[in-house]
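J.: Below are the structure tokens for one structure; questions will follow.
The values are calculated or read from the model by the stated rules, or taken from the named source; none is laboratory data. Since the structure is predicted, the reported quantities are computational estimates derived from the model, not experimental observations. Neighbour counts are summed over all protein chains in view; Cβ atoms, including those assigned to glycine, are modelled from backbone coordinates with ideal geometry.
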Amino acid sequence: MLLPLALPPRAERRIDLRSAFTLVEILIALAILGMLVAVSVSKLDTIFGNAKGNVAKMFVSQEMKTPLTTYRIDMGDYPTTEQGLAALYTAPANTADRYHGPYAEGNGGKVPLDPWNNPYHYVYPGVHNKGGYDLWSSGPDGVDGNDDDIKNW
């Protein structure tokens, strides 16, 4: 037969009221936390806004460079202004014998829009890039020809 173990009597607990936080201290901590959250949320808009500009800059200066150069090697020249960037996705009229595209991928075979859902602008021969092409986005405001445009020149 097993004998029950004798448990020691409960130790008495003392609550020291001086070691707890006061309501004022808790409210101050919450106010500081709220200010930190507000500052970080306001900075997120700037971070993501800059990211859109960086995406557009990468597209006009780097991402289209290889497809346009490959098109030029196969076809003998860059697409005309009228053909535009669509020539990188589908063969222009009367070019089936030399066309080895599509030269660019993604977006379901359509020319992608800029991060603000506006079309990119393409001109060949370039006005700013003599002997090359001009490629740009109208930027966040969607208005062409002002300071927020993102260009490859």
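J.: May I ask you to say which residue of Arg18, Arg14 is at pLDDT below 90 and either of a type in the set (Phe, Trp, Tyr) or assigned to a helix (DSSP H, G or I) (or both)?
T.: Arg18
J.: So, in the range 78-134, how many residues would count as being in contact (Cβ under 8 Å) with a residue 24 or more places away in the chain and within 13 Å of Phe59 (Cβ to Cβ)?
T.: Residues in the range 78-134 being in contact (Cβ under 8 Å) with a residue 24 or more places away in the chain and within 13 Å of Phe59 (Cβ to Cβ): 11 in total.
J.: Could you count how many residues in the range 66-104 are in a loop (DSSP other than H, G, I, E, B) and within 21 Å of Asn54 (Cα to Cα)?
T.: Selection size over the range 66-104: 1.
J.: For Gln83, which of the numbered conditions (1) under 27 Å from the mean Cα position of the chain (by Cα); (2) crowded, with 16+ Cβ neighbours inside 10 Å fails to hold?
T.: Tallying (1) under 27 Å from the mean Cα position of the chain (by Cα); (2) crowded, with 16+ Cβ neighbours inside 10 Å, Gln83 fails exactly one: (1).
J.: Please verify whether Pro92 is surrounded by 15 or more Cβ atoms within 10 Å (Cβ to Cβ) and not hydroxyl-bearing (Ser, Thr, Tyr), treating the condition exactly as stated.
T.: Against the criterion (surrounded by 15 or more Cβ atoms within 10 Å (Cβ to Cβ) and not hydroxyl-bearing (Ser, Thr, Tyr)), Pro92 qualifies.
J.: Which one is surrounded by the most Cβ atoms within 10 Å (Cβ to Cβ) among residues in the range 105-153 that are of a type in the set (Ser, Thr, Tyr) and not in a strand (DSSP E or B)?
T.: By that ranking, first place goes to Tyr133.
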